[in-house]
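Laboratory data are not the source of any read-out in this text; all were calculated from the coordinates shown. Everything numeric in this text was worked out from a predicted model, so none of it was measured. Glycine also receives a Cβ, built like all others from the backbone with ideal geometry; neighbour counts cover every protein chain displayed.
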Amino acid sequence: MNTKVGPEPGAGLIVLDRDGVINRESPDFIKTADEWLPLPGSLEAIAALSQAGFTVVVATNQSGVGRGLISPTALGEIHGRMVQSVAEAGGKLAGIFFCPHRPEDNCSCRKPKPGLLEQIEAQFGRSLKGRPVIGDSARDLQAAEAIGARAILVRTGNGIETERRFGSGRKPEIFDDLAAAARSLIGQGVSG
């Protein structure tokens, strides 16, 4: 399922998870637009990425829809608030792709499976191989790795707990928050 807001032709793609990366995480799900609260610096980070030439897209698991906790209309209102807030900060979201299914539905679009990212590739006609995919959970990183994307972890949301689980094994790129990740990507001259 996706909402296409309007791509920037030719710009590099960057994919962001929603809850815990752009807005505050909630164990009870974000169920209304009023509950959607951006994390400090996240809107400005998206604006900076947009202005640097990235096509910024959101890929998010939203099982609250499949569980009957969030109506499709309410999810649309939440995403409308997010798009408006990003625009007011000077940024642009090119699309919002979401999985409404419950974990037990075993769909192909629920992260850690790469289905949402494959939908983004198909919609934009571009590969995500080597492109930044930023998340706060292992499932975000696993979905990115499944298609050869550049997996980036932020310590907001569930990120600190996710980082702890890596132990001494191979770790992805890690940043304190979306703003720090955006500064690094822009500073590297990466445009996706």
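In this label model, ASP105 and GLU35 are separated by 1.8 nm, measuring between points 7 Å along each Cα→Cβ vector.
Along the chain, counting only trypsin sites (Lys or Arg not before Pro) with a DSSP assignment other than H, G, I, E or B and at most 10 other Cβ atoms inside a 10 Å radius, the longest segment between sites is 1-128.
Short to long, the 10 Å bins of the Cα pair-distance histogram for the chain hold 10, 40, 40, 10, 0 percent of all pairs. Among beta bridges from DSSP that stay inside the chain, the antiparallel ones total about 15%. Relative contact order of region 2-187: 25 percent, from C-alpha pairs under 8 Å at least 6 residues apart in sequence. Each of PHE166 and ARG183 was given a label point 7 Å from its Cα along the Cα-to-Cβ line. The distance between the two points is 1.9 nm. Taking a quarter of the surface of the Cα convex hull of region 30-123 gives a mean projected area of 6.3 nm².
Computed 3J(HN,Hα) for region 114-127, one whole-Hz value per residue from the Karplus formula 6.51 cos²θ - 1.76 cosθ + 1.60 where θ = phi - 60°, is x, x, 4, 5, 5, 4, 5, 4, 5, 5, 9, x, 9, 6, glycine and proline marked x. Rounded to the nearest 500, the helix-only mean residue ellipticity at 222 nm of the chain stands at -10000 deg cm²/dmol, with each DSSP H run of n ≥ 4 adding -39,500 (n - 2.57). Each Lys and Arg Cβ is given +1 and each Asp and Glu Cβ -1; about its Cα centre, region 2-187 then shows a dipole of about 480 debye. Would you mind pulling out the separation of the Cα centroids of region 86-127 and region 12-77, in Å? So the separation of the two Cα centres works out to 11 Å.
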